[in-house]
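Below is one structure, written out as structure tokens; the observations come after it.
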Amino acid sequence: MNNDEILSKLTGIFREELDNDEIVLTRETTAEDIEEWDSLSHIQLIIAVEKGFGIRFTSSEIRSWNDVGEMIDSITSK
């Protein structure tokens, strides 16, 4: 998958998990940009992303993310 395909799939996961069909993700999107993205939903998002892509993240990877772009970079490295 290329970055655009990953971003598209992530957008679908975020919309589903956060119950908001108007979410539009970019590489620069952060939790501050999406009202529904709080600490509890962050955990749900990570689980959904792992299931959606069939991968597992390390806790250090998750802690290092500052935006969606860094999440995409972790996905492409798997």
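The values are calculated or read from the model by the stated rules, or taken from the named source; none is laboratory data. Predicted, not measured: the structure shown is a model, and the values here were computed from it. Side chains included, ligands, DNA and RNA excluded: accessible areas come from the protein's heavy atoms. Shrake-Rupley method; radii C 1.70, N 1.55, O 1.52, S 1.80 Å.
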Please list the helices of the chain that count as membrane-span-like by this rule: a mean Kyte-Doolittle hydropathy of at least -1.0 together with Cα atoms stretching 20 Å or more along the helix axis, each helix being a complete DSSP H run. 3-18, 39-53
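How high is the relative contact order of the chain, given as a whole-number percent (alpha carbon pairs under 8 Å, six or more residues apart)?
Details: 62 pairs, mean separation 29.5, N = 78.
Dividing the mean separation by the residue count of the chain yields 38 percent.
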Semi-axes (Å, rounded, descending) of the ellipsoid equivalent to the chain per its C-alpha gyration tensor are 17, 14, 12
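If you count only protein heavy atoms with a 1.4 Å probe, what accessible area per residue comes out for the chain, rounded to a whole Å²? The partial results should precede the final answer.
On the way: 4910 Å² over 78 residues.
Heavy-atom accessible area per residue stands at 63 Å².
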Can you give me the % of accessible surface on the chain that is carbon or sulfur? Probe 1.4 Å, all protein chains present, nothing else counted. 45 percent
